[in-house]
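Here the structure is laid out as structure tokens; the discussion comes afterwards.
The values are calculated or read from the model by the stated rules, or taken from the named source; none is laboratory data. Remember, it's a predicted structure, so these values are computed and weren't measured experimentally. Glycine gets a Cβ as well: all are built from the backbone with ideal geometry, and neighbour counts include every protein chain shown. Accessible surface areas use protein heavy atoms only, side chains included; no ligands, DNA or RNA. Shrake-Rupley method; radii C 1.70, N 1.55, O 1.52, S 1.80 Å.
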Amino acid sequence: MLEIAGLKKKYHRHTILDNLSLHANQGEIVGLVGENGAGKSTLLHILATISKPTAGSIHLHDWDYQKHTAQIRKQIGFVPQDIAIWPKLTVEENMVFFEKLSWQKKSKEELKQICLEMHLDRWKDPAKTLSGGMQRKLNLAISLIHDPSLLLLDEPTVGIDLKSRKEIGAYLRRQATEENKLIIYTSHDMDEIKQLCDRVLVIGEDSFYHDLLKEAGKEVVVVG
Ligand SMILES: Nc1ncnc2c1ncn2[C@@H]1O[C@H](COP(=O)(O)OP(=O)(O)OP(=O)(O)O)[C@@H](O)[C@H]1O
Ligand SMILES: [Mg+2]
């Protein structure tokens, strides 16, 4: 369970997020939309504990972000907007490297299985030889190694073909429903957002996204 209350983020004198509140439950997929520069990545960085809010509070499973950072970090899987993998290492070596950094012991078979569930089968190939879409899948696989309960995905499907996007979408839905994970993810692909998300958080007061999503019958939360 994630509880955000009165969240504010300023960079110097510029207010990016203002008075943002959200209550989200395990098993939900929450979409995060808004125009370029709206503050989507900023919010995900705060939720990933990489950046601190200027004001407001965040709780995950009753842990306070300010006091229980270590516990919270163990619960978080984060895929940044820019791909973060070791290009010279193979898929296998990348998975093993991040497994060593994680809090959970996983066998190579288990690690391979995470990749295969996403239809990433180039186990012995260096990451830099993978296509952009496959690198994103690897990044997503890495974020799942330690079995996080909160998954934060910043445009995880950019550059991924439709078939793979559907596969990833189905995988994320299974993770939410069967593994009871809470997933928050951003995308500029409104069809994907409409199909995949239970609820959508719109950042920015422009009614464009709001109207679009309401028409599709989505529950929309708008924040300034
Ligand atoms: N470290 C920083 N210092 C100062 N300003 C920043 C910093 N990081 C982000 N910003 C500003 O915060 C605003 C929100 O940026 P952010 O990256 O969160 O937007 P976004 O919604 O993710 O956009 P996009 O759709 O382009 O990814 C932008 O105006 C950006 O310039
Ligand atoms: Mg962004």
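The table that follows gives values for the structure above.
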item: 5 Å binning of all Cα-Cα separations within region 44-92, expressed as whole percents from 0 upward; result: 4, 17, 26, 18, 12, 11, 5, 5, 1
item: The chain, accessible surface, carbon-and-sulfur percent (1.4 angstrom probe); result: 50
item: Residue-by-residue Karplus 3J(HN,Hα) for region 163-170, coefficients 6.51, -1.76, 1.60, Hz, glycine and proline x; result: 5, 5, 4, 5, 4, 5, x, 5
item: Binned Cα-Cα distances of region 32-141, short to long, each 10 Å bin given as a whole percent; result: 13, 36, 31, 18, 2
item: Square roots of 5 times each gyration tensor eigenvalue, C-alpha, region 100-156, largest first, Å; result: 18, 15, 9
item: Rounded accessible area of Met95 (nearest 10 Å², 1.4 Å probe); result: 0
item: Distant-in-sequence amide H partners of Val222 (H built 1.01 Å from N, under 5 Å); result: Val202
item: Whole-Hz couplings from phi, Karplus 6.51/-1.76/1.60, listed for region 113-126; x for Gly and Pro; result: 4, 4, 5, 5, 4, 9, 6, 10, 10, 8, 4, 9, 8, x
item: Amide proton proximity set for Asp125, modelled H, under 5 Å, gap of 5+; result: Val91, Glu92
item: On Cα atoms only, tilt of 132-143 relative to the major axis of the chain in degrees; result: 80
item: Accessible area expressed per residue, the chain, with surrounding protein chains retained (probe 1.4 Å, Å²); result: 49
item: Sequence of Ser21, Ser41 from largest to smallest accessible area, 1.4 Å probe; result: Ser21, Ser41
item: Rounded accessible area of Lys106 (nearest 10 Å², 1.4 Å probe); result: 40
item: Gain in span if fully extended, Asp206 to Leu89, counting 0.36 nm per residue against the direct Cα distance; result: 37.8 nm
item: By accessible area with a 1.4 Å probe, ligands and nucleic acids excluded, highest first: order of Lys88, Lys214, Lys112; result: Lys88, Lys214, Lys112
item: Rounded Å value of the spacing that divides the Cα centres of region 93-141 and region 4-53; result: 28
item: Cβ-based net charge around Lys214, under 13 Å, with every Lys or Arg adding one and every Asp or Glu removing one; result: 0
item: Mean residue ellipticity (222 nm) of the chain, computed from DSSP H runs ≥ 4 via -39,500 (n - 2.57), nearest 500; result: -10500 deg cm²/dmol
item: Note, ³J(HN,Hα) from phi for region 45-56, Karplus 6.51, -1.76, 1.60, rounded to Hz, x at Gly and Pro; result: 4, 5, 5, 8, 6, 7, 10, 9, x, 6, 7, x
item: More than 24 Å apart - percent of Cα-Cα pairs taken over the chain; result: 42
